[in-house]
Amino acid sequence: MALLTTRTSPEDRARALDPLTSRADLVALAAHRAADVRAAVASRRDCPLASMLALVNEDDPRILQALACNPSAPLTVLETLAGHRRPVVREIAKARLRAAAQVA
């Protein structure tokens, strides 16, 4: 994890998007100081659940939209986002919840 401090944000973002990045590294990247890196982690289908649960408390709309659009986001994450104060985040999450209800 010390490696993260020596890289630039674009390098870390590329690493967050790299399918070969380990889950342990994704957890570390989910706590990165740059919001674009955290958003990249939030967008991944293999985003660790613990990271999703932490990222759902972020305020940056890029992170929240990435989570709301993530096909692997669990219902608990979508339910939290469906109550968010940002309309775009709220509407994406509500639409995903409606779609999930139709499938069930």
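Rule-based calculations on the coordinates, nothing more; no lab input. Just so you know, these numbers come straight off a predicted model, no measurement behind them. Glycine gets a Cβ as well: all are built from the backbone with ideal geometry, and neighbour counts include every protein chain shown.
With a point put 7 Å past each Cα toward its Cβ, work out how far LEU17 is from THR76 in nm, to one decimal.
3.0
Given contacts defined as C-alpha pairs under 8 Å and at least six residues apart, what's the relative contact order of region 55-104, whole-number percent?
Once divided by the residue count of region 55-104, the mean separation gives 32 percent.
Among SER72, ALA14, ALA40, which residue has its Cα furthest toward the positive end of the charge dipole of region 2-103, with +1 on Lys/Arg Cβ and -1 on Asp/Glu Cβ?
Going by the charge dipole, the pick is SER72.
Which value at 222 nm does the chain reach when only helices count, each DSSP H run of 4 or more adding -39,500 (n - 2.57), with the total divided by all residues and rounded to the nearest 500 deg cm²/dmol?
Value at 222 nm, helices only, nearest 500: -18000 deg cm²/dmol.
Please compute the length gained on full extension between SER9 and ALA100, using 0.36 nm multiplied by the number of residues separating them and subtracting their Cα-Cα distance.
Stretched out fully, the SER9 to ALA100 stretch lengthens by 29.3 nm.
Report, as a whole number in µm² per second, the diffusion coefficient that Stokes-Einstein gives for region 46-104 at 10 °C and 1.306 mPa s using the Kirkwood radius over alpha carbon pairs.
Taking Rh from Cα pairs, D becomes 143 µm²/s.
For the chain, what Kirkwood radius comes out of the mean inverse Cα-Cα distance, in Å?
About 13.7 Å for the chain.
Once you keep just the Cα pairs under 8 angstrom separated by 6 or more residues, what percentage relative contact order results for the chain?
RCO, the chain: 18 percent.
Of the trypsin sites (Lys or Arg not before Pro) in region 44-89, which ones lie in a loop per DSSP and count no more than 15 other C-beta atoms within 10 Å?
ARG45, ARG85
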